[in-house]
Ligand SMILES: [Zn+2]
Ligand SMILES: [Zn+2]
């Protein structure tokens with residue numbers, strides 16, 4: 001059992017330790033997006049997204065097949081060449097699934113931020129813009145420079161960690 005602290009005791013050292021282990025909000029939500037990504041069903045890339053407003057999680061999403069369809073990890077990826085590069089067409093992207101989850105539950109995501117394990121692709125950027133999400137905070141890169149161009153042009157804040 002923990003002993004009672006003497007009210008006069010200097011516990012500032014313990015507060016310092018707590019400060020070191022307690023993540024910032026950005027770290028916290030980014031870590032959760034990586035945890036969400038572990039549910040991905042596409043072996044090509046595991047992506048996670050978390051939509052946040054006022055330091056509260058609204059929805060989460062990872063890349064995977066639409067409900068009722070088999071998953072890539074069961075039947076293989078559905079690879080097509082799109083815009084000159086191979087991509088899996090079976091899955092909805094993490095960002096898309098996070099926005100869809102909001103629609104499913106009737107939750108507005110206007111004025112929110114989206115934390116992503118990777119830079120969103122062009123289609124996701126366009127959906128993020130029209131969902132009223134104001135900024136993207138992402139960790140890893142993604143080879144879609146047009147997505148970055150359109151985000152800049154449309155005034156969508158993109159912050160890389
Ligand atoms: Zn796949
Ligand atoms: Zn995408």
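How much length is gained on full extension from residue 82 to residue 100, taking 0.36 nm per residue of separation minus their Cα-Cα distance? Kindly include the intermediate steps, with their values, before the conclusion.
On the way: separation 18, 0.36 × 18 = 6.48 nm, distance 2.30 nm.
Once the chain is fully extended between residue 82 and residue 100, it gains 4.2 nm.
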* Considering the Cα trace of the chain, what is its radius of gyration and what is Dmax, both in angstroms? -> 19.3, 69
* **Helix-only CD estimate at 222 nm, as mean residue ellipticity for the chain, using -39500 (n - 2.57) per DSSP H run (n ≥ 4)** => -10500 deg cm²/dmol
* Given a cut-off of under 8 Å on Cα pairs at least six residues apart, what relative contact order in percent is computed for the chain? -> 18
* In degrees from 0 to 90, rounded to the nearest 10, what is the angle of the helix 25-37 Cα long axis to the longest principal axis of the chain? -> 50
* Asked: Taking the simple approach of a point 7 Å from Cα along Cα-to-Cβ for both residue 67 and residue 53, what is their distance in nm?
  -> 2.2
* Asked: Helix 94-105: angle to the longest alpha-carbon principal axis of the chain, degrees 0 to 90, nearest 10?
  -> 80
* Asked: Going by alpha carbons, how many degrees (0 to 90, nearest 10) lie between the helix axis of 145-154 and the longest principal axis of the chain?
  -> 70
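Rule-based calculations on the coordinates, nothing more; no lab input. Note that the structure is a prediction, hence the values are computed from the model and not measured. Positions of Cβ are backbone-derived with ideal geometry, glycine not excepted, and every protein chain shown enters the neighbour counts.
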